[in-house]
Amino acid sequence: MNSFGTLYRISIFGESHGPAVGIIIDGCPSGISITEEDFVKDIERRKAGKKGTTPRVEADQPQILSGIFEGKTTGSPITIIFENKNTRSGDYQNIRNSPRPGHADFTAFKKYRGFNDYRGGGHFSGRVTTGLVAAGVIAKKVLAGVNFDAQVIEVGGQADIDAALNKAIANHDSVGGIIECRIQNLDIGIGEPFFDKAEAVLGHALFAIPAVKGMEIGSGFQAARMTGSENNDMIIDKEGTTETNHAGGINGGITNGNEMVIRVAVKPTSSITKGQQTFNLKENKVQNLNVKGRHDACIALRMPVIVEAVSAIALADLHLRHKARI
């Protein structure tokens with residue numbers, strides 16, 4: 001449901017226009033140094049305000065409510081919240097009965113019998129990923145020495161990000177993107193086959209990020225177009241270093257010590273100012289829809305740090321499980 005993980009376990013809560021969003025982290029080892037300043041860099045990377053992103057900017061000052069004492073994790077559950085202060089809920093009145101195409105408005109309305117918080121997408125909003133970034137900061141500390149580097153490598157089918165953004169903005173539309181995340185210095189042996197393979201757990205976590213529609217590791221789908229002799233990675237030393245890295249750092253669901261390479265496909269932002277049509281559930285007819293509010297022309301621009309965070313969360317859980325059995 002809203003929780004993920006076995007030993008490093010997270011639970012998210014909050015809505016886009018509620019009082020706050022936040023995260024509870026259970027199972028974090030004690031004695032890890034954490035201050036509010038540790039969250040600043042990654043939280044800033046997630047923030048809006050740049051070209052192609054929403055003008056809604058929140059302060060996103062983390063409030064640590066439990067689990068950290070005198071700058072160290074205590075071993076008890078860590079609770080962190082981020083207040084919502086820059087909301088304009090009135091922008092969403094017209095979608096109460098008119099679900100936006102591409103959003104969770106319709107499915108949420110049906111699943112929760114109309115009791116869902118529809119403002120800004122409610123619990124389905126990308127706003128809740130703020131807590132994921134916070135949990136990722138701590139997960140990276142659990143994985144001390146492991147390096148995460150995620151970048152947007154394509155927007156709207158183009159490597160020229162500015163050109164794709166300019167076209168979408170001029171057309172009152174949105175575009176998707178592809179994010180590549182490279183992870184170095186992972187231990188060999190992380191992953192619990194069969195159903196908890198490293199890529200299976202990563203996929204579970206990454207597909208939970210709003211707007212993610214695809215994922216591949218290493219050569220991914222391209223591997224299906226290769227021969228075995230092309231796709232196999234030659235092992236060149238006793239540490240398991242490979243000459244190529246089509247496997248993307250995982251064999252048999254277990255990390256092999258080489259660089260992990262993950263690519264994530266992010267769909268175009270569903271909320272666009274371009275006119276659309278939808279079905280009005282109250283009036284029982286199709287009607288024109290003009291979406292109000294403040295939205296990203298390309299949500300992928302803000303997602304590299306989220307992909308890093310969620311990957312770290314998944315790998316921290318697998319890391320602790322691996323350490324528990326050796």
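For this structure, a couple of remarks:
- Computed Kirkwood radius, in angstrom, where 1/r is averaged over Cα pairs of the chain: 21.0
- Surface composition of the chain: carbon and sulfur make up 52 percent of the accessible area, probe 1.4 Å.
- Qualifying chymotrypsin sites (Phe, Trp or Tyr not before Pro) in the stretch 17-123, DSSP loop, other Cβ atoms within 10 Å at most 14: 112, 115
- Lys pairs, the stretch 1-155 - Cα-Cα below 27 angstrom, 8 or more residues apart or on other chains: 15
- Solvent-accessible heavy-atom area per residue, rounded to whole Å², over the stretch 126-238 at 1.4 Å: 50
- Charge dipole magnitude, Cβ of K and R +1, D and E -1 - the chain, Cα centre, debye nearest 20: 1480
- Loop-located chymotrypsin sites (Phe, Trp or Tyr not before Pro) in the stretch 152-239, at most 15 other Cβ atoms within 10 Å (DSSP): 194, 195, 207
- Coil-residue trypsin sites (Lys or Arg not before Pro) of the stretch 90-142, DSSP, other Cβ within 10 Å capped at 16: 96, 113
- Rounded tilt (10° steps) of 304-324 against the dominant C-alpha axis of the chain: 40
- Charge tally in the Cβ shell below 15 Å around residue 219, where Lys, Arg are +1 and Asp, Glu are -1, residue 219 excluded: -4
- Separation between Cα centres of the stretch 1-69 and the stretch 232-310, rounded to whole Å: 20
- Each stretch of four or more DSSP H residues adds -39500 (n - 2.57); spread over every residue of the chain, this sum gives -6500 deg cm²/dmol at 222 nm.
- The long axis of helix 129-142 is offset from the longest Cα principal axis of the chain by roughly 10 degrees.
- Across the chain, the longest piece that holds none of the GluC sites (Glu not before Pro) lying in DSSP loops with up to 14 other C-beta atoms within 10 Å covers 71-238.
- In sequence order, the stretch 22-27 has phi-based couplings of x, 8, 10, 10, 10, x Hz under the Karplus curve 6.51 cos²θ - 1.76 cosθ + 1.60, θ = phi - 60°, and Gly or Pro positions carry x.
The values are calculated or read from the model by the stated rules, or taken from the named source; none is laboratory data. As the structure is a computational prediction, the values presented were derived from the model and not from experiment. As a convention, Cβ positions derive from the backbone with ideal geometry for all residues, glycine included, and neighbour counts pool all protein chains shown. Accessible surface areas use protein heavy atoms only, side chains included; no ligands, DNA or RNA. Shrake-Rupley method; radii C 1.70, N 1.55, O 1.52, S 1.80 Å.
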